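This report refers to the structure that appears directly beneath it.
The values are calculated or read from the model by the stated rules, or taken from the named source; none is laboratory data. Note that the structure is a prediction, hence the values are computed from the model and not measured. We place every Cβ from the backbone using ideal geometry, glycine too, and count neighbours over all the protein chains shown.
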Amino acid sequence: MIKIGLLGGSGFTAGELLRILLKHPKVNISSVVSKSQAGLPVSKVHKDLVGETAIFFTDHLDDDIEVVFLCLGTNKSKECLKSLSYKTSIIDISNDFRLLKNSSGRYFIYGLSELYSDRIKKARNIANPGCFATAIQLALLPLANMSFLKDDIHISAITGSSGGGRSSISEYSNFSFRANNISTYKVFTHQHIKEIYQNLKFLQRDFQQRIFFTPYKGNFTRGIFATIYVRSSISLKDIEDIYKTFYKSHPFTFLSENPIHIKQVVNTNKCLLHIDKENGFLIISSVIDNLLKGASGQAIQNLNLMYGYEETCGLELKSLAI
């Protein structure tokens, strides 16, 4: 059994990690650290865990932790590195180590398994991808792998209110603003653009095209729906064959012949893709659960790869039917 710890245990991503890891057959949750909640049962904050666990929050990690999940805000993961033993592997869910030049003093592998599974299997430390970046990259990797990205890429993507985290409280995140409403934010400047660009260039060395990304805040709780527009002279059937071949050995990413929607993936670690073509443009739709494939589920997928388990171990989750 792998001895697991969590830092930043009171947030949404930590709650999803706990929910899944409690049922994972290969792990033992040793420490759940939250300085603001230390001494309280985790079910006091993560109320879906009432009756599921007797674990309490603590203010420190046990000394013999093998893997720690960092569920902290931007720049906070960097701050805590000095306190972590080099013997402890890190899976970081923040934005701190996703770019190659992260100056952390430790070497992090970017944890998109559909791209870097061989590296992840040998890794000591993982930088978990961003939620938007995951949905968008999974829609584009097969094209980059064939060097088919020759023009600017236009992306629109909408995320649920949980994407901002439990601590993200503002007039734009509360119910009265988001209910019956949609709004944009960080248009063309979102932080995930850099990691998308970095990894597309890994597959397609000559990639220099511009990425125009408009993120939206949706009036629902969880999920991401991304729509990507790219020029292509390749037939739709050939493109679909390329996607099916690329994802053939990956257990969580699927091409759907029918239009897709968010409810198909909420509460799962899946990504569903659908492709249309019109007037020389491919329109690629991608849906994920931002808290699972976009965060905690993908982190556990990376843990499984690091320790030689089946990628699906603990992640055989079913979406709601309605």
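Descriptive notes on the structure:
- The listed residue being assigned by the TED database to the domain that holds MET146, under 19 Å from ASP151 (Cα atoms), part of a loop (DSSP other than H, G, I, E, B) and not basic (Lys, Arg), out of GLN198, GLN208: GLN208
- Yes/no for VAL67 being under 29 Å from GLN191 (Cβ atoms), in the same structural domain as ARG19 (by the TED database) and modelled with pLDDT of 95 or more: yes
- Criterion applied to GLY280, GLY308, GLY294 was being surrounded by fewer than 24 Cβ atoms within 10 Å (Cβ to Cβ), small (Gly, Ala, Ser) and in contact with a helix residue (DSSP H, G or I) (Cβ under 8 Å, 6 or more places away or on another chain), and the one residue passing it is GLY308.
- Inter-residue pairs, beta-carbon under 9 Å, first closer than 15 Å to THR221 by Cβ and surrounded by 14 or more Cβ atoms within 10 Å (Cβ to Cβ) and in the stretch 171-183, second at pLDDT 80 or above and of a type in the set (Lys, Arg), 6+ apart: SER173/LYS217; PHE177/LYS217; ARG178/LYS217
- For the residues LEU236, LEU272, the requirement of being of a type outside the set (Phe, Trp, Tyr) and more than 23 Å from the chain's Cα centre (by Cα) singles out LEU236.
- Residue match in the stretch 4-21 (condition: over 30 Å from LEU140 (Cβ atoms), more than 18 Å from the chain's Cα centre (by Cα) and surrounded by fewer than 17 Cβ atoms within 10 Å (Cβ to Cβ)): no
- Taken together, the criteria exclude PHE246 from residues that are modelled with pLDDT of 95 or more and under 17 Å from the mean Cα position of the chain (by Cα).
- Every residue from the stretch 146-170 that is surrounded by fewer than 13 Cβ atoms within 10 Å (Cβ to Cβ) and modelled with pLDDT under 95: SER167, ILE169, SER170
- Matching residues in the stretch 48-81 - criterion: being of a type in the set (A, V, I, L, M) and either out of contact with any helix residue (DSSP H, G or I) (no Cβ under 9 Å at 6 or more places or on another chain) or surrounded by 13 or more Cβ atoms within 10 Å (Cβ to Cβ) (or both): LEU49, ILE55, LEU61, ILE65, VAL67, VAL68, LEU70, LEU72, LEU81
- Residue list for the stretch 191-237, restricted to those being of a type in the set (Gly, Ala, Ser), at pLDDT 95 or above and in contact with a strand residue (DSSP E or B) (Cβ under 6 Å, 6 or more places away or on another chain): ALA226, SER232
- Hey, LYS277 part of a strand (DSSP E or B) and touching a Leu at 6+ places or on another chain (Cβ under 7 Å) or not: yes
- A single member of ILE228, ILE260, ILE239 is part of a loop (DSSP other than H, G, I, E, B) and β-branched (Val, Ile, Thr), and it is ILE260.
- The stretch 212-247, subset surrounded by fewer than 19 Cβ atoms within 10 Å (Cβ to Cβ) and among the basic types (Lys, Arg), residue farthest from LEU141 (Cα to Cα): LYS237
- Selection status of THR221, more than 28 Å from ASN279 (Cβ to Cβ) and assigned by the TED database to the domain that holds LYS150: yes
- Residue match in the stretch 33-47 (condition: in a strand (DSSP E or B), surrounded by 14 or more Cβ atoms within 10 Å (Cβ to Cβ) and among the small types (Gly, Ala, Ser)): no
- Matching residues in the stretch 286-318 - criterion: being under 30 Å from TYR229 (Cβ atoms) and either of a type in the set (D, E, K, R) or modelled with pLDDT under 95 (or both): ASP289, LYS293
- Test: PHE252 is of a type outside the set (Lys, Arg), on the phi < 0 side of the Ramachandran plot, touching a Lys or Arg at 6+ places or on another chain (Cβ under 8 Å) and not assigned by the TED database to the domain that holds LEU22: yes
- Odd one out for PHE175 among (1) of a type outside the set (S, T, N, Q); (2) closer than 27 Å to PHE246 by Cβ; (3) modelled with pLDDT under 95: (2)
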